[in-house]
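Comments concern the structure below.
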Amino acid sequence: MSESILILGASGQIGNELTQKLRSIYGNNNVIASDIKEGNKDMMVSGPFEIIDATDKETILKMVKKYKVSQVYLLAAMLSATAEKFPQKAWDLNMTSLLAVLDLAKEKHIKQVYWPSSIAVFGPTTPKENTPQKTVMEPTTVYGISKISGEFWCNYYHKKFGVDVRSLRYPGIISWKTKPGGGTTDYAVDIYFKAVENGNYECFLSEKTRLPMMYMSDAVNATIQLMQAKKEDVKIRSSYNLAAIDFTPEEIASEIKKHIPNFTISYKPDFRQQIANSWPSSIDDSKARKDWNWKHEFDLSSMTIDILKNLKQ
């Protein structure tokens, strides 16, 4: 049976590429992209697009009825670095949107919900290396606080009302199609743009800051794979740890130098360094690999080749 899918926050970094991939799988007209502002040209011409504020439950319900939506991917959120500047706004957006969609699923208007969590749920007291699925979670950022709360809400709605909600704790996501959107791991996106544009980059994290990362195509594939998994295989209803690679700014710079030998990097850590210091350096995602057979495809080297090839075109 063909799904009808609504994506809230489709114009963001992940939404952009997830929309196109879902349209290629389910058909352009069965994937409705939406955001508070219009998306890029590809998104606008390839299928339906609606202007929707993700905190507006009534409008979401109207669109669910209009398009007979069965699945909602809720990607609208204020990310870690931006959220520190606007805490109340971030909390309101991140929480109100999630509760609105969970309520629509509870009321049986939609069958399935996808909502991303993040490594931001972890904090300075979490084991930093190979962070396990179940561990100490004491986030110290507004974004992390909203994500850990969201995980508990997802689990609650699943246990109490049988809502089929699924979630992944994204690491830093790297893409060349969309410019950075206010996250702490965004240096790893920006560095490629700057390397191609002007051959140097000033990094806002220190050279030894190791963080878990993932190439966008792996993140998109993991998301769709989780949503397509059999209900009984989705054993964690808070959010799954998800991992692919981890590296430091120093390591990504030396990888870029293999292709752009004159590339230079300098370091000027700002407030985002503290956020990064509170996060894990690597993640144990063995539960995702066991429960629904998750595998990543790209490592640092193959990702760098792919990004530079596309940016140089």
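The values are calculated or read from the model by the stated rules, or taken from the named source; none is laboratory data. As the structure is a prediction and not an experimental result, all values here were calculated from the model. Neighbour counts run over all protein chains shown; Cβ positions are idealised from the backbone, glycine included. Surface accessibility is based on the protein's heavy atoms, side chains included, excluding ligands, DNA and RNA. Shrake-Rupley method; radii C 1.70, N 1.55, O 1.52, S 1.80 Å.
Given a Förster radius of 30 Å and the C-beta distance between I25 and E197 as r, what FRET efficiency does 1/(1 + (r/R0)^6) yield to the nearest 0.05?
For R0 = 30 Å, the calculated efficiency reads 0.35.
Give me D for the chain in µm² s⁻¹, whole number, from Stokes-Einstein with Rh from the Kirkwood sum over alpha-carbon pairs, 10 °C and 1.306 mPa s.
The calculation lands on 81 µm²/s.
For a quick check: with amide H placed at 1.01 Å from N, whose amide H comes under 5 Å from I32's, ignoring anything fewer than 5 positions away on the same chain?
Result for I32 returns I5, L6, I7.
Put +1 on the Cβ of each Lys and Arg and -1 on the Cβ of each Asp and Glu in the range 156-313; which of G183, F193, Q313 then has its Cα farthest toward the positive end of the dipole?
Selected residue: G183.
Tell me the mean residue ellipticity at 222 nm calculated for the chain from its helices only (DSSP H runs of n ≥ 4, each -39500 (n - 2.57), averaged over every residue, nearest 500).
Result for the chain, helices only: -13500 deg cm²/dmol.
Would you mind checking the pairs K194/K295; K208/K230; K134/K231 and listing those with alpha carbons more than 32 angstrom apart?
Distance filter (> 32 Å) returns K208/K230.
Once you charge only the Cβ atoms, +1 for Lys and Arg and -1 for Asp and Glu, what is the size of the charge dipole of the chain about its Cα centre, to the nearest 20 debye?
With Lys and Arg at +1 and Asp and Glu at -1, about 780 debye.
Roughly speaking, what is the centre-to-centre gap between the range 214-290 and the range 45-110 when only Cα atoms are used, to the nearest Å?
Between the Cα centre of the range 214-290 and that of the range 45-110, the gap is 24 Å.
In terms of modelled amide H atoms, which long-range or inter-chain residues lie less than 5 Å from the amide H of L168?
Long-range HN contacts for L168: W115, S117, Y240.
How big is the dipole moment of the range 1-158 about its Cα centre under a simple scheme where the beta carbon of each Lys and Arg is +1, that of each Asp and Glu is -1, and everything else is neutral? Debye, nearest 20, please.
340
Between K85 and K268, what is the label-to-label distance in nm when each label sits 7 Å out along the Cα-to-Cβ direction?
Simple spin-label model gives 1.6 nm for this pair.
Go through the range 1-107 and name the GluC sites (Glu not before Pro) that are in a DSSP coil and have 15 or fewer other Cβ atoms within 10 Å of their Cβ.
Answer in residue order: E38, E107.
Could you grab the Rg to Rh ratio for the range 202-313? Cα atoms only, Kirkwood for Rh.
1.04
Quote the charge dipole size of the range 149-258 about the Cα centre in Debye, to the nearest 20; the model charges only the Cβ of Lys and Arg (+1) and of Asp and Glu (-1).
Using only the charged Cβ atoms, the result is roughly 540 debye.
May I ask you to derive the FRET efficiency for Q313 and T59 from their Cβ-Cβ distance with R0 = 51 Å, giving the value to the nearest 0.05?
0.85
Which value, in Å², gives the accessible area per residue of the range 131-180 when a 1.4 Å probe is used on the protein heavy atoms?
For the range 131-180, the solvent-accessible area averages 42 Å² per residue.
Heavy atoms only, probe 1.4 angstrom, no DNA, RNA or ligands counted: give me V142, V101 ranked by accessible area, highest first.
So the residues, ranked largest to smallest area, are V142, V101.
Quick one: work out the % antiparallel among DSSP beta bridges in the chain, nearest 5.
10
Can you pull the accessible area of S302 for me, 1.4 Å probe, Å² to the nearest 10?
My reading of the accessible area for S302 is about 40 Å².
How far is it, in nm, from the label point at D299 to the one at Y156 when both lie 7 Å from their Cα along the line to the Cβ?
With each label point 7 Å from Cα toward Cβ, the separation is 4.3 nm.
Mean Kyte-Doolittle hydropathy of -0.5 or higher plus an axial Cα length of 24 Å or more: which whole DSSP H helices in the chain meet both?
Both cut-offs are met by 87-106, 142-161.
Sticking with the crude label model, points 7 Å out along Cα→Cβ, report the distance from K108 to E129 in nm, one decimal please.
Rounded to a tenth, the inter-label distance reads 5.2 nm.
Sketch the reach of a paramagnetic label on K37 as a point 7 Å from Cα along Cα-to-Cβ, and name the residues of the range 164-205 whose backbone nitrogen lies under 17 Å away.
From the range 164-205, the list is 178-183.
If R₀ is 41 angstrom, what is the calculated FRET efficiency for the pair K230 and E207, using the beta carbon separation as r and rounding to 0.05?
0.40
Identify the trypsin sites (Lys or Arg not before Pro) of the range 155-208 meeting these criteria: DSSP loop state and at most 12 other C-beta atoms within 10 Å of the C-beta.
Passing both the DSSP loop test and the Cβ count: K208.
How high is the relative contact order of the range 27-82, in percent, counting Cα pairs under 8 Å that sit 6 or more residues apart?
27
Ignoring ligands, DNA and RNA, what percent of the accessible area of the chain is carbon or sulfur (1.4 Å)?
51
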